[in-house]
């Protein structure tokens with residue numbers, strides 16, 4: 001027959017048999033065994049795998065096209081290269097009168113040195129399934145490579161239209177390549193056999209890192225394109241986002257690689273009659289001005305804050321605007337007059353100050369709250385157009 005195999009028949013292997021079947025395809029599964037599968041390639045170069053392609057030929061028959069494959073045996077058997085040099089036709093039995101069935105098409109090696117077949121040959125077989133209200137494909141026999149399942153509905157025959165080839169076939173073929181080659185993914189994604197193995201998965205080059213396939217170039221320190229990476233594989237990995245923001249993985253979350261300044265403001269005036277710092281103002285619908293930022297790796301930021309300040313009926317009074325900085329329950333900065341923007345008098349004047357805050361722990365979140373006080377508890381001290389800006393330093 002046209003399906004040839006190497007080193008199966010005890011005698012009679014021809015030079016032609018050897019030339020046709022020696023292909024060097026040994027995608028490893030473990031140190032001893034290779035992966036069973038089809039060698040990739042197509043005549044047009046447009047398809048990943050065209051070997052052993054099958055399509056309907058007539059009502060109850062299909063054409064299996066030429067190709068090359070490797071079928072792995074048990075550890076002591078090794079792997080069997082096989083080649084189908086000419087297309088062949090496979091016939092299917094009529095359907096059961098009551099129930100449908102699923103047939104399995106496979107390549108199979110009979111090696112009488114290891115089985116009881118008393119045969120030494122490679123064949124393409126149709127293994128007929130069992131009719132059932134919920135049919136399933138039969139189990140692939142030992143030393144075989146499944147190619148397709150074929151759905152055969154109840155009552156199917158040549159006289160009744162035959163098999164609907166447009167939707168009857170399920171492709172089970174998997175590819176193999178030589179050791180170190182880039183494996184094209186067709187169908188199910190199979191775990192790698194060693195760190196450093198590569199595969200092409202729907203146009204994305206991936207590398208096996210020992211536990212998962214990692215998309216290239218992220219495995220080599222490149223910037224992962226937007227939409228391709230949800231969870232990083234190492235601290236310091238970068239990705240682009242649909243918002244065009246470059247992000248860095250800190251081990252837990254994605255954060256902006258270069259944090260932008262933060263600016264917030266309250267533009268509704270409020271007053272206070274306290275001589276101690278507080279974040280709450282009276283006669284305003286706005287809450288206290290507060291925000292959280294993640295410290296840059298340098299541990300330093302510049303804080304700029306201020307307000308439009310005046311005192312009511314007390315020209316000698318002062319208004320102080322300062323900040324409290326916390327990291328969780330730990331207070332880093334308490335509001336302090338020396339770190340305040342100070343305004344005085346009954347006429348509104350805008351004041352601000354900029355200070356460097358250092359010694360922060362990179363990537364940890366910090367909270368900044370703008371706070372105020374008046375120099376006289378009996379006077380109303382007003383604050384309006386309150387603002388806070390945080391600039392990370394690198």
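Worth a mention:
Residue-wise test of (1) in the same structural domain as residue 282 (by TED's automatic domain parsing); (2) closer than 23 Å to residue 252 by Cβ; (3) assigned to a loop (DSSP other than H, G, I, E, B).
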residue	(1), (2), (3)
326	yes, yes, no
331	yes, no, no
343	yes, no, no
351	yes, no, no
360	yes, yes, yes
369	yes, no, no
382	yes, no, no
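- Among the residues of the stretch 150-164, those identified as surrounded by 17 or more Cβ atoms within 10 Å (Cβ to Cβ) and at negative phi are 150, 151, 152, 156, 163.
- Strands (runs of 3 or more DSSP E) contained in the stretch 162-263 and holding at least 1 residues over 30 Å from residue 56 (Cβ atoms): 198-201, 204-208, 213-215, 247-249, 254-256
- Among the residues making up the stretch 184-200, a single one is within 15 Å of the chain's Cα centre (by Cα) and closer than 11 Å to residue 48 by Cβ: 200.
- Residue selected from the stretch 17-34 under the condition in a helix (DSSP H, G or I) and touching a residue at least 12 places away in the same chain (Cβ under 8 Å), by the criterion surrounded by the most Cβ atoms within 10 Å (Cβ to Cβ): 21
- For the stretch 83-116, filtered to residues that are exposed (fewer than 14 other Cβ atoms within 10 Å of the Cβ) and in contact with a strand residue (DSSP E or B) (Cβ under 6 Å, 6 or more places away or on another chain), the residue that is farthest from residue 163 (Cα to Cα) is 89.
- Any hit, the stretch 287-309, residues being modelled with pLDDT under 85, over 26 Å from residue 366 (Cα atoms) and either in the same structural domain as residue 352 (by TED's automatic domain parsing) or part of a loop (DSSP other than H, G, I, E, B) (or both): no
- The stretch 51-71, residues that are surrounded by 19 or more Cβ atoms within 10 Å (Cβ to Cβ) and farther than 14 Å from residue 91 by Cα: 51, 52, 53, 67, 68, 69, 70, 71
- Just one of the numbered conditions (1) more than 30 Å from the chain's Cα centre (by Cα); (2) at pLDDT below 80 is not true of residue 69: (2).
- All of 265, 312 fail the test of being farther than 18 Å from residue 388 by Cβ, touching a residue at least 24 places away in the same chain (Cβ under 8 Å) and surrounded by fewer than 16 Cβ atoms within 10 Å (Cβ to Cβ), apart from 312.
The values are calculated or read from the model by the stated rules, or taken from the named source; none is laboratory data. Predicted model, so just to flag it, every value in this text is computed and none were measured. Ideal geometry is used to build each Cβ from the backbone, glycine not excepted, and the neighbour counts take in all protein chains shown.
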